[in-house]
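Below are the C-alpha cells for one structure; questions will follow.
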Amino acid sequence: MAEPKVKYDRQLRIWGDQGQAALEKSSICLLNCGPTGSETLKNLVLGGIGSITVVDGSKVEEGDLGNNFLVDELSLGKSKAKCVCSFLQELNDAVKAKFVEESPETLIETNPSFFSQFTLVVATQLVEYSMIKLDRICREANVILIFARSYGLTGFVRISVKEHDVIESKPEHFLDDLRLNNPWPELKRFADDIDLNVQDPVVHKHIPYVVILVKMADEWAKSHGGRLPSTREEKKEFKELLKAGMVAQDEDNYKEAIDSSFKVFAPRGISMELQQILNDSAAEVDSNSSDFWVLVAALKDFIANEGGGEAPLEGSIPDMTSSTEQYVNLQNIYHAKAEADFLVIERVARGILKKIGRDSNSIPRSTIKSFCKNARKLKVCRYRLIEDEFNAPNLPDLQKYLTDEDSSIAMGIYILLRAADRFSANYNSFPGQFDSAMDEDIPRLKSTAIGLLNDLGCNGTTLAEDLINEMCRFGAAELHAVAALVGGIASQEVIKLITKQFVPMSGTYIFNGIDHKSQLLSL
C-alpha cells in the first residue's frame with residue numbers, strides 16, 4: 001500500500017494534512033448506489049474517505065450495466081450494494097467498506113437511529129416524502145445530509161445541515177492583510193527609518209512597496225486632516241505622487257506601489273460580513289457552544305479592545321521587489337504582530353472556556369492559530385429544513401426565478417422534479433416511465449405541476465410546454481453522463497463539509513443538461 005503522503009500528494013496541496021485527516025476520520029453513508037450514488041462515492045473513495053456504508057436493497061439488472069461502471073455482467077442478479085462495495089474497495093483498499101442490503105425508504109421508516117453513526121449521509125434518488133423524513137432524522141442526530149438526484153438530462157443537489165462553520169474559506173480573491181491604511185507602531189517605525197530620498201539608485205529601487213505606501217499615506221494624511229484618499233480625484237492625485245517619487249523608469253518597486261495603491265484606499269476595520277458573525281446570537285456563548293463560537297467570542301473581545309477595531313493580523317506578506325535584508329526584516333515585523341495578536345486571542349479564549357465551565361485547554365493551539373490567520377474570512381452557513389423550503393419557499397424569489405429569462409428553466413426543472421414525485425405517488429410510476437402511457441402522462445404532469453405552483457402561491461403561473469414534454473421523455477432515467485456530473489458536484493460538496501475548507505454552496509443546485517447550464521436557487 002502506498003504511503004498516504006505519496007498516494008494523496010496532489011490533494012494534500014489543496015486541503016493539507018488537517019483536511020486529509022478529517023476525511024480519513026469520517027464515515028459516509030450512501031443511500032442508493034445507482035450511477036449517481038456510485039459516482040459520488042467513487043470520488044470520495046479515491047480521495048481517501050475513512051469508511052463507507054452503502055444502503056441499497058435492489059439486485060443488479062441488465063439496465064444497470066449500461067449506466068453504472070461499478071457493476072459488470074458477473075454482477076447480474078446479485079446484491080447491487082455488495083457489488084458496488086467490492087468494486088469501490090478495489091479503487092482504494094485503505095477505505096473500510098460495508099453494505100446494507102435493504103431499501104433506504106424502509107430504513108428511514110423503521111430504523112431512523114441507524115443514521116446517527118455517520119459523519120455525513122449522501123441520499124440519492126429519493127422522492128420528496130423520504131427526503132423530508134430523512135432530513136428531520138439527520139437534523140435531530142446532527143448529521144450532515146446531502147441530497148443528489150439525476151433525472152434524464154437534469155440534476156439536483158442540496159445540502160441540509162443546521163449550521164456549518166468555515167474557518168479556512170480560501171476565497172479566490174481577497175485583499176492582502178498589510179494594514180497599509182492603519183499601520184501598527186512597529187511597522188510605522190520600520191518605515192520611518194527608511195529614507196525615500198536616498199541618493200543611491202540601487203538602494204532606492206529596492207525599497208519595498210509596503211514601506212513606500214506606508215510613508216506616502218502618512219504624508220498624505222498629515223496634509224489632509226488625517227484622511228486618506230477617498231474620492232476618485234484624490235486617488236488619482238495619490239498615484240501621481242507615487243509616480244513623482246520615481247527617479248528611474250525601471251523602478252519596479254514604485255510600479256508595484258502604484259499597482260497596490262488601492263490597498264491604502266480600502267476602508268479600515270472589519271467587513272460587514274464579519275461584523276454580522278460577531279453580532280450573531282451564537283457569539284453569546286455558554287457551556288454548549290461549539291469551539292468555533294467560543295473563538296468568535298474571543299475575536300469579538302479582541303476587536304473591541306486590543307485590536308482597536310481590526311481583526312488579528314494574518315502575518316504573511318506577498319513577494320515584492322526588495323533587498324533581502326529589508327524583506328526579511330519586514331516579514332519578521334508582520335510575523336511578530338501576528339504572533340502577538342494570536343497570544344491575546346488565545347488568552348481570551350482560554351478565559352472564556354474557563355468562565356463557561358469547560359476545560360481551558362480543550363481547544364488546540366493549532367486551531368486557535370488557524371482561526372486567527374483566517375479571522376477576516378470566516379463563514380457561517382445555515383440551511384433551511386427541506387420541508388420548510390418545499391412547503392413555504394421565499395415567494396418573491398420563487399416568482400422572480402419563474403419569470404426571469406436566465407433562471408426560468410432551472411426553476412421549471414425544480415418544480416417538475418417535485419411534480420414528478422407527486423405524479424409517482426398518485427399513479428405509481430414516474431411520468432413517461434412507460435412508453436404506452438406517454439400521451440396520458442404529459443397532461444397529467446402538467447396538471448400536477450400547475451397544482452404544485454398553486455399550492456406555493458404562484459396561481460396562474462405555467463411552465464414551458466417543451467420542458468414538460470422533455471421531463472416526460474426522460475422517464476426518470478439515470479443517464480451516466482449526467483450522473484457523473486451530479487455525483488462530482490455532490491462529492492465536491494462532501495469534501496468541503498468534512499474538511500471545513502472552502503464554502504459549500506448555499507442553495508439548491510440545478511443542472512440543466514438540455515441547455516448545458518447550472519444554477520443555484522435560493523428558496
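The values are calculated or read from the model by the stated rules, or taken from the named source; none is laboratory data. As the structure is a computational prediction, the values presented were derived from the model and not from experiment. Cβ sites come from the backbone with ideal geometry, for glycine too, and all protein chains shown count toward neighbours. The area values use the complete protein model at the heavy-atom level, side chains included, leaving out ligands, DNA and RNA. Shrake-Rupley method; radii C 1.70, N 1.55, O 1.52, S 1.80 Å.
Can you pull out every residue in the range 412-443 that is touching a Pro at 6+ places or on another chain (Cβ under 9 Å), farther than 15 Å from ALA464 by Cβ and crowded, with 19+ Cβ neighbours inside 10 Å?
Those that are touching a Pro at 6+ places or on another chain (Cβ under 9 Å), farther than 15 Å from ALA464 by Cβ and crowded, with 19+ Cβ neighbours inside 10 Å: ALA420, PHE423, ASP441.
Tally time: how many residues in the range 194-230 are open to solvent by 60 Å² or more (accessible area, probe 1.4 Å) and without any contact (Cβ under 8 Å) to a residue 24 or more places away in the chain?
10
Residues are listed down the side, and each one gets a yes or a no for (1) of a type outside the set (Phe, Trp, Tyr); (2) within 28 Å of THR324 (Cα to Cα):
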| position | (1), (2) |
| --- | --- |
| LYS222 | yes, no |
| GLY226 | yes, no |
| SER230 | yes, no |
| LYS235 | yes, no |
| LEU241 | yes, yes |
| GLY245 | yes, yes |
| GLU251 | yes, yes |
| TYR254 | no, yes |
| VAL264 | yes, yes |
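Right, something else. Condition check: open to solvent by less than 70 Å² (accessible area, probe 1.4 Å) and in contact with a strand residue (DSSP E or B) (Cβ under 8 Å, 6 or more places away or on another chain). Does ILE409 satisfy that? Spell out the reasoning first.
On the way: open to solvent by less than 70 Å² (accessible area, probe 1.4 Å): yes; in contact with a strand residue (DSSP E or B) (Cβ under 8 Å, 6 or more places away or on another chain): yes.
Against the criterion (open to solvent by less than 70 Å² (accessible area, probe 1.4 Å) and in contact with a strand residue (DSSP E or B) (Cβ under 8 Å, 6 or more places away or on another chain)), ILE409 qualifies.
Might you let me know whether the range 466-482 holds any residue that is touching an Asp or Glu at 6+ places or on another chain (Cβ under 9 Å), of a type in the set (A, V, I, L, M) and at pLDDT 95 or above? Walk me through how you get there before you give the answer.
Taking the range 466-482 as the starting set, the residues that turn out to be touching an Asp or Glu at 6+ places or on another chain (Cβ under 9 Å) are 472, 475, 480.
With of a type in the set (A, V, I, L, M) added as a condition, the list becomes none.
Looking for residues that are touching an Asp or Glu at 6+ places or on another chain (Cβ under 9 Å), of a type in the set (A, V, I, L, M) and at pLDDT 95 or above, one finds none in the range 466-482, hence no.
Another question, then. Return the only residue of SER366, SER436, SER429 being at pLDDT below 95 and assigned by the TED database to the domain that holds ASP280. Explain how you work it out, then say what you get.
Values: SER436 fails: assigned by the TED database to the domain that holds ASP280; SER429 fails: assigned by the TED database to the domain that holds ASP280.
Answer to the selection: SER366.
Would you tally the residues in the range 366-391 being part of a loop (DSSP other than H, G, I, E, B) and within 30 Å of GLN433 (Cβ to Cβ)?
Here is the first cut: in the range 366-391, the residues part of a loop (DSSP other than H, G, I, E, B) are 374, 378, 383-385.
Subset that is within 30 Å of GLN433 (Cβ to Cβ): 385.
Matching residues across the range 366-391 total 1.
Something else now. Could you check the range 302-319 and list, in sequence order, the residues that are among the charged types (D, E, K, R), open to solvent by 30 Å² or more (accessible area, probe 1.4 Å) and under 27 Å from the mean Cα position of the chain (by Cα)? Steps first, answer last, please.
Restricting attention to the range 302-319, the residues satisfying the condition of being among the charged types (D, E, K, R) are 306, 310, 314, 319.
In the following step, the residues that additionally are open to solvent by 30 Å² or more (accessible area, probe 1.4 Å) were identified as 306, 314, 319.
Scanning the range 302-319 gives a single hit, GLU314.
Keeping to the range 197-207, report how many residues are part of a loop (DSSP other than H, G, I, E, B) and either over 19 Å from ARG179 (Cβ atoms) or of a type in the set (Lys, Arg) (or both). Break it down stepwise before answering.
Step one: of the range 197-207, the residues part of a loop (DSSP other than H, G, I, E, B) are 197-200, 205-207.
Still in the list and also either over 19 Å from ARG179 (Cβ atoms) or of a type in the set (Lys, Arg) (or both): 197-200, 205-206.
Residues in the range 197-207 being part of a loop (DSSP other than H, G, I, E, B) and either over 19 Å from ARG179 (Cβ atoms) or of a type in the set (Lys, Arg) (or both): 6 in total.
Could you list, in sequence order, the residues of the range 491-507 that are assigned to a helix (DSSP H, G or I) and among the aliphatic types (A, V, I, L, M)?
Keep residues of the range 491-507 that are assigned to a helix (DSSP H, G or I), which gives 491-499.
The answer is VAL494, ILE495, LEU497, ILE498.
Still on this structure: Cβ-Cβ below 6 Å, separation at least six or inter-chain, first residue in the range 480-506 and at positive phi and surrounded by fewer than 22 Cβ atoms within 10 Å (Cβ to Cβ), second of a type outside the set (Phe, Trp, Tyr) and assigned to a loop (DSSP other than H, G, I, E, B): which pairs?
PHE502/LYS170
Hey, could you check the range 444-478 for residues that are small (Gly, Ala, Ser) and open to solvent by less than 70 Å² (accessible area, probe 1.4 Å) and say which is farthest from GLY63 (Cα to Cα)? Let's see the steps before the verdict.
Looking only at the range 444-478, we keep the residues that are small (Gly, Ala, Ser), and these are 447, 449, 451, 457, 460, 464, 475-477.
Remaining after also requiring open to solvent by less than 70 Å² (accessible area, probe 1.4 Å): 449, 451, 457, 464, 475-477.
Values: ALA449: 29, GLY451: 33, GLY457: 40, ALA464: 31, GLY475: 14, ALA476: 13, ALA477: 10 Å.
Across the range 444-478, the extreme among qualifying residues is GLY457.
Being among the basic types (Lys, Arg), surrounded by 13 or more Cβ atoms within 10 Å (Cβ to Cβ) and under 28 Å from the mean Cα position of the chain (by Cα) is the filter here, so list the residues in the range 249-282 that pass it. Spell out how you get there, then give the answer.
Taking the range 249-282 as the starting set, the residues that turn out to be among the basic types (Lys, Arg) are 255, 263, 268.
Keeping just the survivors that are surrounded by 13 or more Cβ atoms within 10 Å (Cβ to Cβ) gives 255, 263.
Answer for the range 249-282, where residues must be among the basic types (Lys, Arg), surrounded by 13 or more Cβ atoms within 10 Å (Cβ to Cβ) and under 28 Å from the mean Cα position of the chain (by Cα): just LYS263.
Out of GLY37, GLY57, GLY66, which single residue is under 18 Å from LEU126 (Cβ atoms) and open to solvent by 10 Å² or more (accessible area, probe 1.4 Å)?
That would be GLY57, the only listed residue that is under 18 Å from LEU126 (Cβ atoms) and open to solvent by 10 Å² or more (accessible area, probe 1.4 Å).
Still on this structure, I have one more. What are the residue pairs meeting all of these: first residue in the range 177-193, first residue more than 22 Å from ARG376 (Cα to Cα), second residue open to solvent by less than 20 Å² (accessible area, probe 1.4 Å), Cβ atoms under 8 Å, and 6 or more apart or on different chains?
Note: pairs meeting the criteria are LYS188/VAL214; PHE190/VAL211; PHE190/LEU330; ALA191/VAL210; ALA191/VAL211; ALA191/VAL214.
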